[in-house]
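Peer 1: Take this structure, written in structure tokens, and hold onto it; I'll ask about it next.
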Amino acid sequence: MGSILHPAIRAFRDEDLAGVLRIERASFGRDAWSREAFVYYAEAAPHLFLVARVSGRIAGYSVATLTRYGAEIDSLAVLPRYRKLGLATALMKATIRKLRRAGVRKISLMVRRSNAAAIRLYRSLGFVRTATVPNYYPGGATAWRMRLTLP
């Protein structure tokens, strides 16, 4: 596995939307979120909608929101050509740092049970599976709920 030494990670800006939508379509196909969904997150939690730039190009993003019980990682995606280079890890670590500074102690997420690469990433960051949720995704795919408890 290679690594991207210093991706530029920063808060989402309106001009990033086209790049984020490109990543979303490449990552999730027919299950991709709409433009309106990203606009909503940009307005609802702008400091928790992060993008990673590599060589001046938007190569990944993460979206998180504060919840009643802590925080939720709502989405994370990286362009296929930049996967397995540490970009998703860098985005997650930046998000976790922001959430820790905000006083969050529990971070949850949902992940497709068949997405072994994502599950490995989340486990490497300390997330543990707390539930199995049948029929969570369109088409009936099962999800795992995972949680990270911050010290």
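The values are calculated or read from the model by the stated rules, or taken from the named source; none is laboratory data. Note that the structure is a prediction, hence the values are computed from the model and not measured. Methodologically, a virtual Cβ is constructed for each residue, glycine included, from the backbone with ideal geometry; neighbour enumeration extends over all protein chains shown.
Peer 1: Hey, does region 128-135 have a residue that's among the hydrophobic types (A, V, I, L, M, F, W, C), touching a Leu at 6+ places or on another chain (Cβ under 9 Å), over 15 Å from Val20 (Cα atoms) and surrounded by fewer than 14 Cβ atoms within 10 Å (Cβ to Cβ)?
Peer 2: Within region 128-135 (the criterion being among the hydrophobic types (A, V, I, L, M, F, W, C), touching a Leu at 6+ places or on another chain (Cβ under 9 Å), over 15 Å from Val20 (Cα atoms) and surrounded by fewer than 14 Cβ atoms within 10 Å (Cβ to Cβ)), the answer is yes, since at least one residue qualifies.
Per-residue answers, yes or no, for (1) of a type in the set (Ser, Thr, Tyr); (2) modelled with pLDDT of 95 or more; (3) closer than 16 Å to Ala90 by Cα; (4) touching a helix residue (DSSP H, G or I) at 6+ places or on another chain (Cβ under 7 Å):
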site: Met1; (1), (2), (3), (4): no, no, yes, no
site: Val20; (1), (2), (3), (4): no, yes, no, yes
site: Ala37; (1), (2), (3), (4): no, yes, no, no
site: Tyr40; (1), (2), (3), (4): yes, yes, no, no
site: Ala52; (1), (2), (3), (4): no, yes, yes, yes
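Peer 1: Which number in (1) in contact with a helix residue (DSSP H, G or I) (Cβ under 8 Å, 6 or more places away or on another chain); (2) in contact (Cβ under 8 Å) with a residue 60 or more places away in the chain; (3) under 19 Å from Asp14 (Cα atoms) marks the one condition that Leu91 misses?
Peer 2: (1)
Peer 1: Check region 90-111 and report whether any residue there is under 18 Å from the mean Cα position of the chain (by Cα), more than 22 Å from Tyr61 (Cβ to Cβ) and either aliphatic (A, V, I, L, M) or at pLDDT below 95 (or both).
Peer 2: No, region 90-111 contains no residue that is under 18 Å from the mean Cα position of the chain (by Cα), more than 22 Å from Tyr61 (Cβ to Cβ) and either aliphatic (A, V, I, L, M) or at pLDDT below 95 (or both).
Peer 1: Hey, does region 113-126 have a residue that's out of contact with any Phe, Trp or Tyr (no Cβ under 9 Å at 6 or more places or on another chain), basic (Lys, Arg) and within 26 Å of Gly140 (Cα to Cα)?
Peer 2: Yes, that holds for at least one residue.
Peer 1: Among the residues of region 2-31, how many are of a type in the set (Gly, Ala, Ser), without any contact (Cβ under 8 Å) to a residue 60 or more places away in the chain and closer than 18 Å to Arg81 by Cα?
Peer 2: Residues in region 2-31 being of a type in the set (Gly, Ala, Ser), without any contact (Cβ under 8 Å) to a residue 60 or more places away in the chain and closer than 18 Å to Arg81 by Cα: 6 in total.
Peer 1: Still on this model: Hey, among the residues in region 82-107 that are hydroxyl-bearing (Ser, Thr, Tyr) and touching a strand residue (DSSP E or B) at 6+ places or on another chain (Cβ under 9 Å), which one's nearest to Phe49 (Cα to Cα)?
Peer 2: Per the criteria, the residue is Thr95.
Peer 1: Let me ask something else about it. Among the helices (runs of 4 or more DSSP H) contained in region 1-108, which hold 2 or more residues that are crowded, with 18+ Cβ neighbours inside 10 Å and among the β-branched types (Val, Ile, Thr)?
Peer 2: In region 1-108, the matching helices (runs of 4 or more DSSP H) lie at 17-28, 87-101.
Peer 1: Another question, if that's okay. Based on this model, can you work out whether Ser75 counts as in contact with a helix residue (DSSP H, G or I) (Cβ under 6 Å, 6 or more places away or on another chain) and touching a residue at least 24 places away in the same chain (Cβ under 8 Å)?
Peer 2: Against the criterion (in contact with a helix residue (DSSP H, G or I) (Cβ under 6 Å, 6 or more places away or on another chain) and touching a residue at least 24 places away in the same chain (Cβ under 8 Å)), Ser75 does not qualify.
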